[in-house]
Amino acid sequence: MSRQDVTRSETGGRPSARPSLRAQLVAAVACDRPMNPPRATLLDGVSEVWIGRAPPEAPAGVCRLTFPDERMSALHAHLRRVLGRWVLEDAGSKNGVRVHGTPQRRAVLENGDAFECGQTFFVYEEHAGGEAGALPPGSVELGCQSFHPGLLAAWSALARVAPTRVPVVLQGETGTGKELAARALHVWSGRAGPFVAVNCGALPEPLAESELFGVRRGAYTGASEDRPGLVRASSGGTLLLDEVGELPPGVQVKLLRVLQENEVAPVGSPQPVRVDLRVVAATHRDLEGLVEAGTFRRDLFARLTGLEVELPPLRERRGDLGLLVPALLRRAGAPAGLQFSREAMRALFRWEWPHNVRELEKALALSVALAGGGRVELDHLPEPVRSAPEPTPEAPADPSTLSAADLERRTRLIALLREHGGNISAVARQMGVARMQIQRWCRRFQVDPASFRAA
């Protein structure tokens, strides 16, 4: 199959109204075989996709995808490219097609849309740009696998800087895998020393200095022995300063000196000790904003910052549920024949996962325990996951009839899309809502994000 980018529609060769994007279809999870590996199909150079248990032989330009799903019809659904958009159509199947849990005969797919054919859950994704570079051997064992090009590009960049002294800042929401990325960086660096992770937000302020930099016996009441501290413990290896924005001001001053001089002075000791440091900083907060607010030192920020990597939240990479669910089920000790009801699996794909992979892991562990070796039902999932409302499609609104509040929201939406070049994820972060909400508003307010992207 050709991997060339499609820049024109299939209707007479006219240019598409949307800029060229690479589309892929991820067959993520099957309810009756949830621990089977997923598969992704690039849609470059394809005009149509046939999905089913036994689709007929396909002509040139048509991709034929076959699944051993007893609830699929022989030919269950079509995906067709129409004027640069991918349109999902039910092919007269017995059990129908659902998009985000809602039965549909025909739907224009948006980036991140999840749909069901039989017992198999699919995610449609589209991304700008090319492929990320190859990752070092053993990356899968480290957990560095994804269908999301942005995340793959982040890991590729980390692998390239790992053998160097370039400082790294990992940014992302809680639970997005910042420690996993830091551990991978450490392995790829080849440094012989240990990997040491410290949660700066969990350090009691009175003890933060001694915990990080060590203490001499007798330095204060209760200091009954010499302790090297976490900085010295990581010498020759990698020190992860998780939630570095939470460091108290006094500790920031001393950490700056450690980074400048490559030596650390334990509390109560007149003599500094040389250290061989590789520091990785991680945070879910805006460090530049903290600098401007005066709560984080500008000189320390400059010392820590080199390569900045942002890890996307799980809600922006639903296709990765197909990689995460099998791995986390095995970690939870799920039996090999475990199955999910369609309602339970539908809830997993519908939930926004505000706490990301960490939350998914706990939800699956709970479901395995409650299922007791039987099928995972909706009631086996945590209450917030199982009770999330099904999305209701919003009809396009006539701008002339919008309320004052909606007009204000539409105006701000357009301004932010213009500012961020049509990047829906960036607009969602700035507006403090889920990415899918931005997509719903765009449909309702008749705003096309693609029109704000550079050609």
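All of the numbers you see were taken from the coordinates with simple rules; none came from a lab. Keep in mind that this is a model prediction, so the values were computed, not measured. Reconstructed Cβ throughout: ideal geometry from the backbone, glycine too, with neighbour counts over all protein chains shown.
Worth pointing out:
- Computed over the alpha-carbon pairs of segment 155-264, the distance histogram in 5 Å steps reads 2, 11, 19, 23, 20, 14, 6, 4, 1, 0 percent, short to long.
- Distance between segment 21-35 and segment 45-107 - C-alpha centres, whole angstrom: 13 Å
- Expected 222 nm ellipticity per residue - DSSP helices of 4 or more, -39500 (n - 2.57), all of the chain, to 500: -9000 deg cm²/dmol
- Under the Debye formula (equal points on every Cα, no solvent term), log10 I(q)/I(0) of segment 247-369 at q = 0.16 Å⁻¹: -0.85
- The candidate values were (1) 25.2, 83; (2) 23.4, 96; (3) 22.3, 73; the one computed from these coordinates for Rg and Dmax of the Cα atoms in Å carries the label (1).
- In order along segment 40-48, the phi-based Karplus estimate (6.51 cos²θ - 1.76 cosθ + 1.60, θ = phi - 60°) of 3J(HN,Hα) comes to 10, 10, 6, 9, 4, x, 10, 9, 7 Hz; Gly and Pro are listed as x.
- With the simple spin-label model, which puts each label point 7 Å out from Cα in the Cβ direction, the GLU308 to ARG409 separation comes to 3.0 nm.
- Positive-end residue of GLY150, GLN260, GLN271, charge dipole of segment 149-310 with Cβ unit charges: GLN271
- The calculated FRET efficiency for the pair ALA60 and VAL433, based on their C-beta separation and a Förster distance of 60 Å, comes to about 0.90.
- Nonlocal amide H pairs with ALA197, under 5 Å, H built at 1.01 Å: LEU240
- Column: log10 I(q)/I(0), Debye, Cα scatterers of segment 399-452, q = 0.14, 0.16, 0.27 Å⁻¹: -0.30, -0.40, -1.11
- Within the shell of other residues whose beta carbon sits under 14 angstrom from the beta carbon of ARG165, the net charge comes to +3, with Lys and Arg scored +1 and Asp and Glu -1.
- In this calculation the C-beta distance from LEU42 to SER451 is compared with R0 = 30 Å, giving a FRET efficiency of 0.75.
- The chain: antiparallel DSSP beta bridges as a percent of all, rounded to 5: 60 percent
- Sum of side-chain charges, LEU311 neighbourhood, beta-carbon under 12 Å (Lys, Arg +1; Asp, Glu -1): -4
- Couplings for segment 97-110, taken from phi via the Karplus curve 6.51 cos²θ - 1.76 cosθ + 1.60 with θ = phi - 60°, read 10, 10, 10, 6, x, 9, x, 9, 8, 8, 8, 7, 7, 10 Hz in order; Gly and Pro are left as x.
- Across segment 399-452, C-alpha contacts under 8 Å between residues 6 or more apart give a mean separation that, scaled by the residue count, equals a relative contact order of 35 percent.
- The local environment of PRO68, defined by Cβ-Cβ distances under 14 Å, has a net charge of +1 under the rule Lys, Arg +1 and Asp, Glu -1.
- With the simple model of a label 7 Å out from the Cα in the direction of the Cβ, ALA192 to ARG165 spans 1.9 nm.
- FRET efficiency, GLU383 to GLU89 (Cβ-Cβ, R0 35 Å, nearest 0.05): 0.50
- The magnitude of the dipole of the chain, with charges of +1 and -1 set on the Cβ of Lys/Arg and Asp/Glu and taken from the Cα centre, is near 620 debye.
- Length available on full extension from GLN271 to ASP299: 0.36 nm per residue minus the Cα-Cα distance, which gives 7.6 nm.
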